[in-house]
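The values are calculated or read from the model by the stated rules, or taken from the named source; none is laboratory data. The structure presented is a predicted model; accordingly, all values stated were derived computationally and were not measured. Neighbour counts are summed over all protein chains in view; Cβ atoms, including those assigned to glycine, are modelled from backbone coordinates with ideal geometry. Quick note on the areas: whole protein, heavy atoms, side chains included, nothing else; ligands and nucleic acids left out. Shrake-Rupley method; radii C 1.70, N 1.55, O 1.52, S 1.80 Å.
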Amino acid sequence: MTAASWYHRDISRVVAEDLLAKAGKDGCFLVRDSESVSGAYALCLLFQRHVHTYRILPDEEGLLSVQTIQGIQAKCFRTLTDLIGAYQQPNNGLVIPLLYPVNRAREPVDEDSDGEDGRASHPPSLVPHSGNIAGSTSGWVTAQPNKAQISQQLQLRLQEQVHSSPASDFMGFMAEYLSHHLQLDLEALRNGNLQLKHLSTALVTACRGLHSEIDFTLAGLETLAKVFDPPASPRSPVREQGLLASDPDLELLLSKISTVNHLLSSLEKKVLKTLQETVTKHKLALPSVAVAHPPAAKPMAVQNFEVKVGKTQRASLTVDVESGTMAITKRGCSSPEETISQDKILQLIKYQSMQSKVRLVYDRDQHRSLTRDFIFQNARKREAFCQLLQLMKIQHSNLDEPDLISVYVGTWNMGSAPPPRSMASWLTSRGLGRTQDETTAGIPHDIYVIGTQENSLGDREWVEFLRASLKTLMSIDFRVVALQCLWSIKIVVLVKPEHECRISHVNTSSVKTGIANTLGNKGAVGVSFLFNGTSFGFVNCHLASGSEKTHRRNQNYSDILRSLVLGDKRLSSFDLTLRFTHLFWFGDLNYRLDMEVQDILAHVNKKEFEALLAVDQLTLEREKNKVFLRFSEEDISFPPTYRYERGSRDSYVWQKFKTTGVRINVPSWCDRILWKSRPETHVLCNSYGCTDDIVTSDHSPVFATFEVGVTSQFVPRKAPGSSPESLACIEWDSVEVIVKTASRSKCYIEFHSYCLEESQRSGENSSQSSDIPGFLKLSWSAKQLPVLSPILSDLEYLLDQHLLLSIKGMDSCESYGECCIAMRSMIGSLAQQFETFLFHRGEETGSMRGWMKVRVPKDRRSTRERLYEWISFETDETESDFPTLSKPALRAVRSRPLSLPDAASSYTNPAYFIFEGVPNTWAQCPSLSEPPYSPASDTQADRHPGHSPCRRLQSLTGAQAYSSSKEQLQRSPHYPVSETTSCGHQLSLSQIGRHKRPKSAILTRDPQTSGDCSLTALHMAWCLSDVDTEPPKRGSCLGPSQPEGRKNLLRHTRSALEPPQQSCWEGARSQRDTRRLNRAGEKYH
């Protein structure tokens, strides 16, 4: 029996609408799982180029019905097939009868191309929709099953689980029961007999060996208990009954298990009581084992750095982390020229134009601050120096909770071979690529996350091996936070002992993506937890192998993203990548290089990695927005990590001999580490590389280390006030959304945040338009948007908070897209503009922009500087060097790193979105509509300390932060100057200059290719506004004389989007952009 072809299981709303759009006929339909209600379905029906979605809900008896408006009697059906058959008839309440089913695509045979697992597995032909097996028939997309069919269904479900269970003998007994005796129990149940006789017999047979094991265990426990019992203690009656029993049954087995449980729980109390009585009787001193402190960590050695001061002078910098001092000694001198304590160091400024240069700003006395520039031997030495000063600040700070922690992430495909005796190079980030300097390699990280694939070691054996390795290297007994395994895919999270109490809300999950998504040889394991007030997520995956399996790997990623159950359950409707402050995704992703082997080897020998990254499948798929949307990855400066000859790292082995022939596995960067963080949070990647001395596998281990800002559980210094003026509030002026959908549904916005007591929702949108097929423009005014009240009103607390927004349909309550907004940029007395992307199930589904403000009471605006904010970045090397700075001037020039731009410059990029069917070279668009009002810059009194005056947005065809300087006004509007990514996320230092724009941005120098159809969401908004406001031209297909104007709208829109001749177009666009910039300058000056 097979599922109905029109039932597409758990595909997303976007995929369903794409399938209907390709079908193109009125009356085309399909059924998918509901995204908003568990156990329900969504009926999607195409009519007049719009998709109408109806919810199909089960009742308490399992009967299915299409949701109707209040007062309308719903028609109930026993199966989904019956329901669909009824609605294929006319006059049933749908906009059009169900005429043409859109069939599900035939699933390709998924074989492991590398032959890592030779077991065959057949996917079940009948897919259950819910976990209810016997109580409801609505979960099966079939006709009413009989007894034989139920038996077959249950056997198929058992087959799905059999490969992941180590108790194969037990599963054999259960399989026999399902195939031969289940029908007998079912018949007895129908006759009113509630005792499942045959199931009891099967369980007794399967558990027969357990009796003897429990008997041995009981005998040993009772013997030990008698040692500490009084002499007159009677024998256990249950034990005697067990000895006399000749035929073991389930009741006796349960009694024995209960006895074992009782003995184990009481034995420790008996031993403790006996020992205490012995100590009291003989006046013995208790040993101090219980209060023994863990071994102290190795003290930090004093480190020296040779630097250049000025043009020719040489000096030595001595950093003593333990004492909290830094000394400057000139070459040839025996004593330090100057010793600076950690509390006198005000700021470190890293130069980006010269990667080995740093500027130190420190207090000389109460009225003067000095600056000193140092040039190190290389960039690695400079980073080590900065890291040591950072560590010194942390160790000597008076904070109860940390602002900054270090996170280590490692991934390794072990190739089913045992690990080497030492993994020091992997755990200390030494080898090839961007690695740790030897002066800082021994500094322990706060969190270690180790992901492995094809790991043949036992779970406990592997964890203890990792803990022993770290203890040998760091002299710290790390604590286990979580261990999650799926066959040979494992993830282990370890933390320092002092952080164990800061970890909470630990969740683990796993997803199988092997053959038919039922085998665990491929898949993912994940762990999530809270570190004080910061949420972390970690995903270790092993995707499909083979150079030609790019699409399958993309699908694996999508399945994992959709199915992993991690994070706060209240955010389960949100995209997995938005649920965490920081999400790290790593593993053997198996993406390959699309290049001939000899060419790859030639580039590797010359260390020409850029040429190889240009053909890296993961890089190409990310550029197409197919996978890992808005994730970050540090620059790769190490050779491909696969496929080496085992026992050496001198040569690659790209030929694999199989029974079917020779398979080519080109050297590739299969093992990767990526991350995604919420906007305006602090995360810096300090290392990314691979080892060169661990050779037991054909993969090299990969590592990455991160500096991550964290928040603590905030405790207000003042009692909260009761008057409205003493409470903070979040106010919205307007919101505009463009989503990719063929629906006309009214929508509402759902607001989630940890700073809110509960989620809030807006009213339905005040206006909408869908003139361009496939897209829906929605708007909300202030009347429809709620005023949100944070639970705390302190500025220090609100600076670290984020708002999660979800656009949901009024009819289906399904999400059309979600986004995240940082409140840091929105704080002030005047509204700020924001722009960001919308995501749903790993896809980019639209964009959002609007105006909002976060009001903070004046008596709640005190804050403090974070420990990671004292390091900033300098890009203008030509800036004059002032030897001394006054205290006020110093505070004014202090800046955040480029990865943490000023709050006012966030969300400066328009929400780019790929719109199919629109030429890439089109850039002639109507003017951007004015904002609700033109707010001036906030006064200094209304801004939080350190906040620069707000620079408003000027969004043209590219992302550009408006600046008052003429130099920026004269720049081409097609090149972004903001340091944030287009979705508001920060770029790491290595990404500045590399990710100048999203791939969907429109540039005039882009080649005119028919295959690239890209357009920004703002362009689409302008186009919609143009269609709404411009009167139709004479002879236009939109004129009132055209009865089929709506039918021709798409043709009209496309013809309007066609660019004119290049010369005229360039001149017109240049004049238009200049006028806009001039208006912007007049407006904001």
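Here's the yes/no breakdown for (1) in contact with a Phe, Trp or Tyr (Cβ under 8 Å, 6 or more places away or on another chain); (2) over 30 Å from GLU633 (Cβ atoms); (3) hydrophobic (A, V, I, L, M, F, W, C):
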| site | (1), (2), (3) |
| --- | --- |
| ASP692 | no, no, no |
| ASP698 | yes, no, no |
| GLN713 | no, yes, no |
| ILE730 | no, yes, yes |
| ALA742 | no, yes, yes |
| GLU757 | no, yes, no |
| PHE775 | yes, yes, yes |
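Residue selection: ARG421 satisfies the criterion of being in a loop (DSSP other than H, G, I, E, B), basic (Lys, Arg), more than 21 Å from ALA524 (Cβ to Cβ) and open to solvent by 20 Å² or more (accessible area, probe 1.4 Å). When ILE394, ILE405 are screened for being modelled with pLDDT of 95 or more and either open to solvent by 10 Å² or more (accessible area, probe 1.4 Å) or part of a strand (DSSP E or B) (or both), only ILE405 passes.
The one condition from (1) assigned to a helix (DSSP H, G or I); (2) farther than 26 Å from VAL407 by Cβ that TYR557 does not meet is (2).
Candidates SER504, SER469: the one that is part of a strand (DSSP E or B) and either of a type in the set (Gly, Ala, Ser) or modelled with pLDDT under 95 (or both) is SER504.
Under the condition of being within 31 Å of the chain's Cα centre (by Cα), closer than 16 Å to LEU98 by Cβ and not hydrophobic (A, V, I, L, M, F, W, C), the residues counted in the range 33-51 number 1.
Taking each residue of the range 764-788 that is within 17 Å of SER847 (Cβ to Cβ) and of a type in the set (A, V, I, L, M) and looking for partners that are open to solvent by less than 30 Å² (accessible area, probe 1.4 Å) and part of a helix (DSSP H, G or I) with beta-carbon atoms closer than 9 Å, six or more apart or interchain, yields ILE772/MET1020; ILE772/CYS1023; ILE772/LEU1024; ILE772/LEU1049; ILE772/THR1053. Counting only residues that are open to solvent by 10 Å² or more (accessible area, probe 1.4 Å) and touching an Asp or Glu at 6+ places or on another chain (Cβ under 7 Å), the range 35-45 holds 2 of them. Would you confirm whether any residue within the range 538-557 is more than 22 Å from LEU674 (Cα to Cα) and in contact with a helix residue (DSSP H, G or I) (Cβ under 7 Å, 6 or more places away or on another chain)? No: zero hits.
Only a single criterion out of (1) in contact (Cβ under 8 Å) with a residue 12 or more places away in the chain; (2) surrounded by fewer than 16 Cβ atoms within 10 Å (Cβ to Cβ); (3) over 21 Å from GLU750 (Cβ atoms) is not satisfied by GLN67, namely (3).
Take the residues of the range 323-347 that are open to solvent by less than 40 Å² (accessible area, probe 1.4 Å) and in contact with a Lys or Arg (Cβ under 7 Å, 6 or more places away or on another chain): which is farthest from ALA379 (Cα to Cα)? Here the residue is GLN342.
For the range 425-464, the tally of residues that are polar (S, T, N, Q) and in a helix (DSSP H, G or I) stands at 1.
Could you please give the count of residues in the range 4-27 that are touching a Leu at 6+ places or on another chain (Cβ under 6 Å) and either farther than 23 Å from GLU844 by Cα or open to solvent by 50 Å² or more (accessible area, probe 1.4 Å) (or both)? Adding up the residues that qualify gives 2. Does LEU457 satisfy being at pLDDT below 95 and either within 28 Å of GLU322 (Cβ to Cβ) or of a type outside the set (A, V, I, L, M, F, W, C) (or both)? Criteria not met by LEU457.
Out of all the residues in the range 526-543, which are modelled with pLDDT under 95 and either crowded, with 24+ Cβ neighbours inside 10 Å or not small (Gly, Ala, Ser) (or both)? ASN532 - this is the single residue of the range 526-543 that is modelled with pLDDT under 95 and either crowded, with 24+ Cβ neighbours inside 10 Å or not small (Gly, Ala, Ser) (or both).
Taken as a whole, the structure places ASP400 among residues that are open to solvent by 70 Å² or more (accessible area, probe 1.4 Å), in contact (Cβ under 8 Å) with a residue 12 or more places away in the chain and part of a loop (DSSP other than H, G, I, E, B). Looking only at residues of the range 801-814 that are farther than 13 Å from ILE730 by Cβ and open to solvent by 10 Å² or more (accessible area, probe 1.4 Å), we find that the one that is modelled with the highest pLDDT is LYS808. Pairing each residue of the range 212-227 that is farther than 19 Å from LEU252 by Cα with any residue that is polar (S, T, N, Q) and assigned to a helix (DSSP H, G or I), provided the two are 6+ apart or on different chains, yields C-beta distances under 9 Å for ALA225/SER266; VAL227/THR274.
With the structure loaded, tell me whether LEU30 is surrounded by 21 or more Cβ atoms within 10 Å (Cβ to Cβ), more than 31 Å from the chain's Cα centre (by Cα), aliphatic (A, V, I, L, M) and in a strand (DSSP E or B) or whether it fails that test. Spelling it out, it is not the case that LEU30 is surrounded by 21 or more Cβ atoms within 10 Å (Cβ to Cβ), more than 31 Å from the chain's Cα centre (by Cα), aliphatic (A, V, I, L, M) and in a strand (DSSP E or B).
Given the structure, is SER697 buried (at least 22 other Cβ atoms within 10 Å of the Cβ), closer than 30 Å to ASP400 by Cα, among the small types (Gly, Ala, Ser) and touching a residue at least 12 places away in the same chain (Cβ under 8 Å)? No; evaluated as a whole, the condition is false for this residue.
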